[in-house]
1. Has the stretch 167-185 got any residue that is of a type in the set (Lys, Arg) and farther than 23 Å from Lys216 by Cα?
2. Hey, among the residues in the stretch 231-241 that are assigned to a loop (DSSP other than H, G, I, E, B) and either touching a strand residue (DSSP E or B) at 6+ places or on another chain (Cβ under 7 Å) or modelled with pLDDT under 90 (or both), which one's surrounded by the fewest Cβ atoms within 10 Å (Cβ to Cβ)?
3. With the condition kept exactly as written, say whether any residue in the stretch 183-194 is part of a loop (DSSP other than H, G, I, E, B), open to solvent by 20 Å² or more (accessible area, probe 1.4 Å) and of a type in the set (Val, Ile, Thr).
4. Step by step: first the residues of the stretch 212-230, then only those that are surrounded by 17 or more Cβ atoms within 10 Å (Cβ to Cβ) and within 15 Å of Gly265 (Cβ to Cβ), then the one that is modelled with the highest pLDDT. Which residue is that?
5. With Gly123, Gly81 as the choices, which residue is open to solvent by 20 Å² or more (accessible area, probe 1.4 Å) and free of Cβ contacts under 8 Å to residues at least 12 places away in the same chain?
6. Could you check the stretch 265-296 and list, in sequence order, the residues that are of a type in the set (Phe, Trp, Tyr) and modelled with pLDDT of 95 or more?
7. Select from the stretch 126-152 the residues that are assigned to a strand (DSSP E or B) and either among the small types (Gly, Ala, Ser) or crowded, with 17+ Cβ neighbours inside 10 Å (or both) and list them in ascending order.
8. Give the stretch 68-114 a look and list any residue that's part of a loop (DSSP other than H, G, I, E, B), of a type in the set (Asp, Glu) and modelled with pLDDT of 90 or more, or say none.
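The values are calculated or read from the model by the stated rules, or taken from the named source; none is laboratory data. Please read all numbers here as calculations on a predicted model, not as lab measurements. Please note: Cβ atoms are built from the backbone with ideal geometry, for glycine as well, and neighbour counts cover all protein chains shown. The area values use the complete protein model at the heavy-atom level, side chains included, leaving out ligands, DNA and RNA. Shrake-Rupley method; radii C 1.70, N 1.55, O 1.52, S 1.80 Å.
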Amino acid sequence: MLLHMQAEKGQQDLIPLKTKGIKRFWLDLLCFFFQQNLSDLMDYSGNKQPVSNQVQPVTQPPGFGTMPTAVVMPAPPRLPGCPPGLEYLAQIDQLLIHQKLEVVEVLLGWESNNKYDIKNSLGQQVFYAAEENDCCNRNFCGPLRSFTIRILDNFGQEILTMTRPLKCGNCCCPCCLQELEVQAPPGTPIGYVVQNWHPFLPKFTILNERKEPVLKIVGPFCDCKCCSDVNFEVKSLDESSTVGRISKQWTGFFREAFSDADNFGIQFPKDLDVKIKAVMIGACFLIDFMFFEHNQ
């Protein structure tokens, strides 16, 4: 009888320990994501503007939450025939796009507007990007949703607008293929990304402002790879040579499992037309929504 009572007491003592362990797990999880997103949870104050490439606060674009202190890319000189703000792209052959991690999405699965930091290979801030959408469209249409993405420079000036109409995502229906329009400055189309029908591979064509084909994008047969990058090759029109790449980068098991916030890398020739480079940024966003924007 005494042994039985001691056993029951031991089991009762284990219950609070288990409860405490579960609470501690969720507390650690919350702390992790709050540390990753602390800047997005605070109200912005201040109106400083960046100069040169020194570490300093950046002007707050609408809808971004608080911007962290960043190293910004030095402002380049104006170029003739180049849309305002795209001069940055003339100096680089690589971009890194980091989607911001959203606590609400991770904990509740409630889709929020996507936000991105766009940096050069040195880690210097080049642009900011933010999705503009309504709650119903985001949460009921999911990755198929239409959207407008506005891209701003380090001074908060909108330099690029990207729009995607709502279309069916069925690969068996070639009449409802995806497309995206890129404008620079806003209201002036400079190029398009259109999906090409293929039974097995994701394929796209990059068009200029006159809707003439310029480049092709060919993706892999399987876009789900564990512990490795997923590469979409940018090719010439006859697909005989590779001129660039859009890579969805592996961000680690924890982030891949609990979030749809992704990192991308874009590579292109340095002497490529800045307008086509801007359209490749739009292609990266379209690929993100089509293949990787799924609630975990």
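1. Checked the stretch 167-185: no residue is of a type in the set (Lys, Arg) and farther than 23 Å from Lys216 by Cα.
2. Ser241
3. yes
4. So, considering only residues that are surrounded by 17 or more Cβ atoms within 10 Å (Cβ to Cβ) and within 15 Å of Gly265 (Cβ to Cβ), the one modelled with the highest pLDDT is Ile217.
5. Gly81
6. Answer for the stretch 265-296, where residues must be of a type in the set (Phe, Trp, Tyr) and modelled with pLDDT of 95 or more: Phe268, Phe285.
7. Within the stretch 126-152, Val126, Phe127, Tyr128, Ala129, Ala130, Glu131, Phe147, Ile149, Arg150, Ile151, Leu152 meet the criteria.
8. Hit for the stretch 68-114 is Asp93, nothing else.
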